[in-house]
Amino acid sequence: MSEYSMKSLKAGYSAVIIGASGGIGGAISAALKSDPNCFAAVPLSRSSHGFDITDEASMQRAAGALELGAYDLVICATGALTIDGVGPERSIRQISQTAMLAQFTLNAVGPALVLKHFAPLLARKGRTIFAFLSARVGSITDNALGGWISYRSSKAALNQIVRTGAIEIGRINPQSVVVSIHPGSVKTTLSDPFASGHERMEPADAAQGILGVLDGLQPSQTGRFFAYDGSAIPW
């Protein structure tokens, strides 16, 4: 299924989907647009709207075109495993300053700037949700295999950004939920090079799972890390 009706948000809620041209972001955007409870689902992407997660000026322009305090749901569905043709390292010997900085720029600094420019768009009263796609490999506790040090570290940094942002946003609106979400292994161009021998779900199914988890989270769970199936992931 490609649709999900958000029950926990007010009737006629409004949403922003960042990274809407990607496999998961596109599926989330489609699901929200089909939700009869959703008044507006604003998609943002580099390919269609000039929104670049590595360019703060483009983020500021995009956020500046939207109304402050008018949105109930913001989802940042951005991220990359391979950047400029360089994939995750298999060992410490392969660490590259250039590649690591690129990973942090896209997977951590970019979402931090999204938090900066899009948090003011959230309603200051009532239930709001701000979610960031992370990855289970960003969990320090769950790391038993090693490898992928730049990608893992950038996602661990993202999780700390989300945790810290949740505290500040919660002071403004105690009904807010700000979380990291692991989408699972999904059939997208991001995971294609690493899919051998791994079962992957369709983007529409991942979107439904993500929205279902977000719908069920309580303000007491803000600042935490969850998987698409609702299970909590340790930092």
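The values are calculated or read from the model by the stated rules, or taken from the named source; none is laboratory data. As the structure is a prediction and not an experimental result, all values here were calculated from the model. Here the Cβ is made from the backbone with ideal geometry for all residues, glycine too, and neighbour counts use every protein chain on show. Note: accessible area is taken over every heavy atom of the protein model, side chains too, but ligands, DNA and RNA are not part of it. Shrake-Rupley method; radii C 1.70, N 1.55, O 1.52, S 1.80 Å.
What number, rounded to the nearest 500 deg cm²/dmol, is the helix-based mean residue ellipticity at 222 nm of the chain, given -39500 (n - 2.57) per DSSP H run of at least four residues and division by all its residues?
When only DSSP H runs of four or more count, the value is -10500 deg cm²/dmol.
Suppose the chain between Lys7 and Gln160 were pulled fully straight at 0.36 nm per residue; how much longer would it get relative to their current alpha carbon spacing?
52.2 nm
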- Expressed in nanometres to one decimal, the distance between label points 7 Å along Cα→Cβ at Asp229 and Glu202 is 2.0 nm
- Taking the Cα centre of segment 1-142 as the origin and placing charges on Cβ (Lys, Arg +1; Asp, Glu -1), which of Pro36, Gly25, Ser91 is farthest toward the positive end of the dipole? Pro36
- Item | Descending principal axes extents, segment 1-133, alpha-carbon based, whole Å | 53, 33, 25
- Message: Can you tell me the orientation of helix 203-216 relative to the chain, as the angle in degrees between its alpha-carbon axis and the longest Cα principal axis, to the nearest 10?
- Response: 60 degrees
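Which order, highest average first, do 128-134, 181-187, 64-70 follow once you tally other Cβ atoms within 10 Å for each residue and take the mean per peptide?
On the way: 128-134: 26.1, 181-187: 21.9, 64-70: 11.6.
Final packing ranking: 128-134, 181-187, 64-70.
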- Query: What is the gain in length, in nm to one decimal, between Thr141 and Thr82 on full extension, counting 0.36 nm per residue of separation less the C-alpha to C-alpha distance?
  - Reply: 18.9 nm
- Task: Provide the solvent-accessible area of Lys7, counting protein heavy atoms only and rolling a 1.4 Å probe, rounded to the nearest 10 Å².
- Result: 150 Å²
- Item | Added length on full extension, which subtracts the Cα-Cα distance from 0.36 nm per residue, Thr105 to Gln221 | 39.0 nm
- Would you please state the base-10 log of I(q)/I(0) at q = 0.32 1/Å for segment 77-123, with intensities from the Debye formula using one equal scatterer on every alpha carbon? -1.18
- Message: Which one, Ile169, Ile92, Ile161, has the greatest fluctuation when you compute a Gaussian network model over the chain with C-alpha springs under 10 angstrom?
- Response: Ile92
- Task: Determine the alpha carbon to alpha carbon distance for each of Lys7/Lys33; Lys7/Lys116; Lys7/Lys155; Lys125/Lys155 and list only those over 25 Å.
- Result: Lys7/Lys116; Lys7/Lys155; Lys125/Lys155
- Message: If every alpha-carbon in the chain counts as one equal scatterer, what log10 I(q)/I(0) does Debye give at q = 0.12 1/Å?
- Response: -0.61
- Note on the structure: Sorting Ala166, Ala204, Val137 by the position of each Cα along the dipole of segment 100-232 (Lys, Arg +1; Asp, Glu -1; all at Cβ), the one nearest the positive end of that ordering is Ala166
